[in-house]
Amino acid sequence: MPVLRRSSRRRFEDYRQVVRERNRLRNATTDEKPDDLALAETRSTQRGRPFPVLFRSFLTLIRPHWGVIALCLATVTVSTLLALVPITGTKIVFDCVLSDGPLPGFIPSALSLPKNPKALLFVVAAAMMGFAAASLAVGMIGRWHMTRTTKHVQAEVRRVVFDHAVRLPLHRGDQLRSGGVANILREDAGGVGELLFAMLYNPWRAVVQLIGSLVILTWTDWRLLIGSLALLPIVWFTHKTWIGRIRPMYRDIRASRQHISAHTTEVFAGMRVVRGFNRQRTEAARFTGNNHFMSRQELLAWWWARGVDIAWSILIPVATAAVLAYGSIRVIDDAQAVRIGTLARDAAFTPGDLVMFLTFLGWLLEPIATLAASATQFQSSLAGLDRVLDLLAEPLEFPANPNARPITTEQARGQVNLRGVRFTYPGRNEPVIRGIDLDVPPGQTIALVGPSGSGKTTLCNLIARFFDPTDGHIELDGTDLRELQISGYRSLLGIVEQDVFLFDGTIAANIGYAKRGADRDQIIRAAELANAHSFIARLDRGYDTLVGERGVKLSGGERQRLAIARAILADPKLLILDEATSNLDTESERLIQSSLAAFMDGRTCFVIAHRLSTIQHADMIVVLVNGQIIERGKHSELMQRSGRYRRMVDLQTQPME
């Protein structure tokens with residue numbers, strides 16, 4: 001029966017219902033809020049951290065750059081104050097050049113200005129241009145250094161996020177998916193750097209401009225200023241109404257973008273399966289539907305964000321018109337009072353005062369509008385910071401152990417002991433490994449056999465310490481693995497899995513990945529032991545041949561031989577082979593088995609094999625069923641017992657009827 005996929009319109013209608021419910025919960029009192037766990041989880045996930053928490057976390061991330069940022073904020077302060085000075089020239093031009101009024105009182109008497117109106121006009125114009133040029137020069141210096149700092153912060157946050165992500169538990173890494181992690185690194189971590197401008201530089205400039213304009217407007221006419229500041233309660237109301245609702249929407253948008261990136265990566269990684277089942281149109285429709293849904297989310301967030309812009313588009317012209325009307329009446333009344341002698345000319349409100357006041361009022365309203373708009377615009381970057389903090393808050397693969405003991409290849413003998421090992425995957429109830437006890441002397445080869453799902457790979461993952469046992473412990477040379485430094489222990493390992501992973505690079509780089517600083521001779525020697533040198537030599541570029549993403553340019557057998565060569569180059573003390581020769585033809589398998597036999601001598605090896613003929617010479621064969629050991633011994637011993645192992649061998653060797 002085909003799977004019915006909801007349209008983007010239907011998904012968006014459901015999403016809007018979630019948004020409405022989230023907003024209702026946001027405004028509800030404690031008694032009104034439901035106890036439903038799903039709603040509680042939705043609310044906590046979607047809304048995220050409050051702004052003060054995000055701001056403190058942001059300051060912590062940029063701590064190494066505080067000095068440069070302080071310098072940038074100082075330059076923007078000087079630049080903004082210099083930009084305020086030329087506006088006072090409008091009063092001089094209107095009152096002293098176009099009229100015959102005296103120079104204003106803020107002009108120092110020691111400053112000798114020409115009496116001729118035209119000459120005075122040129123001096124004022126030159127001074128205005130000089131201050132503007134100085135403001136621009138100082139501002140560009142600060143802006144350049146802030147831009148450089150932004151790029152440094154982006155690179156550092158991406159490094160921190162990447163370094164943390166690669167140390168997450170394996171099951172969590174699988175949940176994130178490669179495309180999703182790439183989106184967090186590219187979009188969310190990059191957005192943290194952009195907050196330097198959105199949350200520090202631009203708001204600081206607006207605050208300096210606001211304070212400077214307030215001081216000058218207070219000096220010009222405090223009554224007009226009080227009327228103008230009546231707008232501030234409206235600003236606070238719009239901010240309180242809109243901002244708390246916008247940031248969760250941007251979190252949702254970023255989550256949708258992450259899902260699209262992960263889906264795209266998955267489709268192209270599995271392109272053979274997609275084409276093999278003729279599902280190109282299905283995946284294209286899924287991709288298109290996801291993008292349509294995200295577009296609808298973005299449009300909804302756009303409308304909410306425009307609420308602040310609309311409010312200011314209405315308020316600023318109204319405020320300007322009101323001030324212009326009131327100020328013009330003041331100019332007319334004061335001019336009449338001067339003519340009849342009831343008001344001194346110096347105390348009158350002049351046309352120059354009105355023009356200067358209106359200009360500074362624009363400079364006052366502009367930073368307020370900038371602060372309101374910035375609070376709206378950087379919600380997307382704040383949502384990205386919130387998601388970055390979510391990832392950084394996740395626990396690492398293993399908790400730090402300051403008392404962990406270092407271990408080197410020279411120190412390790414290779415004895416492995418399992419004591420009462422039980423393991424349950426996170427999120428599951430049934431254990432996969434059920435109370436295993438096993439002693440492996442140094443240099444022995446242990447073959448793990450059993451039906452699919454019996455716990456063979458999981459047991460090897462525990463030995464490699466990709467996971468820690470739920471109960472019991474694993475020892476190396478008598479020391480619990482949890483008491484050894486994880487990096488030192490992993491340096492003892494060599495692993496070849498059935499699902500071979502190769503990086504998008506050269507053959508030499510993929511083999512050399514196992515050993516830092518490996519030279520070409522060492523790489524070639526490892527390839528020869530893995531029976532890979534012959535096919536590599538036939539390639540046009542030999543060891544410099546690019547293998548493509550995940551080694552797509554090579555056959556399955558060729559990829560597996562490179563993986564074996566990589567493990568050989570690592571020169572491990574413990575070797576784990578998980579169906580290492582499953583993709584090879586019989587002739588290649590025999591050649592590699594012969595080489596591996598010499599290589600495995602003196603190393604503790606764990607071999608998983610379904611082809612039982614390949615493990616007959618193992619020092620011990622362990623039969624696993626449902627996470628438990630039901631048989632153990634050499635091949636000859638197990639064949640004599642006529643148990644589970646004997647039946648498995650008979651099934652593989654007897655012809656099908």
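The values are calculated or read from the model by the stated rules, or taken from the named source; none is laboratory data. Just so it is clear, the structure is predicted and the values come from calculations on it, not from any experiment. Quick reminder, even Gly has a Cβ in these numbers, built from the backbone with ideal geometry, and neighbours come from all protein chains shown. To get the accessible areas, we keep the full protein, side chains included, count just its heavy atoms, and leave off ligands, DNA and RNA. Shrake-Rupley method; radii C 1.70, N 1.55, O 1.52, S 1.80 Å.
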Note to self: C-alpha centroids of region 597-657 and region 496-553 sit apart, in Å, by 31 Å
Mind ranking TRP204, TRP303 by accessible surface for me, highest first, 1.4 Å probe?
TRP303, TRP204
Reported to the nearest 10 Å², CYS460 has, with a 1.4 Å probe, an accessible area equal to 10 Å²
Once the piece of chain linking ALA597 and ARG428 is laid out straight, how much longer is it, given 0.36 nm per residue of separation minus the C-alpha distance between them?
57.0 nm
Which length gain, in nm to one decimal place, applies between ALA132 and THR264 when the Cα-Cα distance is subtracted from 0.36 nm times their residue separation?
42.5 nm
Roll a 1.4 angstrom probe over the protein heavy atoms and tell me the percent of accessible area of region 407-521 that is carbon or sulfur.
44 percent
Kindly report, to the nearest 10 Å², the accessible surface of PHE197 as traced by a 1.4 Å probe over protein heavy atoms only.
30 Å²
Explain nothing, just compute: Karplus ³J(HN,Hα) = 6.51 cos²θ - 1.76 cosθ + 1.60, θ = phi - 60°, for every residue of region 76-84 in order, whole Hz, x for Gly and Pro.
5, 5, 4, 4, 5, 5, 5, 6, 6
Largest-first ordering by accessible area, 1.4 Å probe, given options LYS151, LYS91:
LYS151, LYS91
Once ligands and nucleic acids are excluded and a 1.4 Å probe is used, how much of PHE12 is accessible, expressed in Å² to the nearest 10?
30 Å²
Tabulate in residue order the Karplus-calculated ³J(HN,Hα) for region 278-287, using 6.51 cos²θ - 1.76 cosθ + 1.60 with θ = phi - 60°, rounded to whole Hz; enter x for Gly and Pro.
6, 10, 4, 5, 5, 5, 5, 5, 5, 4
Answer rounded, prolate or oblate for region 411-512, using the Cα gyration tensor with square roots of eigenvalues a ≥ b ≥ c: rounded when a/c is under 1.5, else prolate when a/b is larger than b/c, else oblate.
oblate
Cβ-Cβ FRET estimate between PHE398 and VAL552, R0 fixed at 41 Å, reported to 0.05
0.80
Listed by chain and number, the residues whose amide H is under 5 Å from that of THR604, excluding neighbours fewer than 5 places away on the same chain and using placed H, are GLY443, LEU575
Quick one: if the Förster radius is 30 Å, what FRET efficiency do GLN654 and SER452 give, using the C-beta to C-beta distance and rounding to 0.05?
0.90
Which of THR424, THR149 is most accessible, then next, and so on - probe 1.4 Å
THR424, THR149
Here is the link list: LYS573/LYS634; LYS151/LYS515; LYS151/LYS553; LYS553/LYS573. Which ones come out longer than 28 Å on Cα distance?
LYS151/LYS515; LYS151/LYS553; LYS553/LYS573
Take the Cβ-Cβ distance between LEU98 and SER295 as r, set R0 to 45 Å, and report the resulting FRET efficiency rounded to the nearest 0.05.
0.25
Sorted by chain and then number, the residues having a modelled amide H within less than 5 Å of the amide H of HIS473, at least 5 places away or on another chain, are ARG419, VAL421
Mind listing the long-range amide H neighbours of ILE433? Cut-off is under 5 Å, sequence gap 5 or more, other chains count too, H placed in the peptide plane at 1.01 Å from N.
PHE423
Using 0.36 nm times the number of residues separating ALA344 and GLN628, minus their current alpha carbon distance, what extension gain do you get?
91.8 nm
What aspartates and glutamates sit close enough to LYS118 to cross-link, taking a C-alpha to C-alpha distance under 18 Å and skipping anything fewer than 8 places away on the same chain?
ASP95, ASP100
Report ³J(HN,Hα) in whole Hz for each residue of region 432-446, in order, from the Karplus equation J = 6.51 cos²θ - 1.76 cosθ + 1.60 where θ = phi - 60°; Gly and Pro get x.
8, 10, 10, x, 9, 10, 8, 10, 10, x, x, x, 8, 10, 10
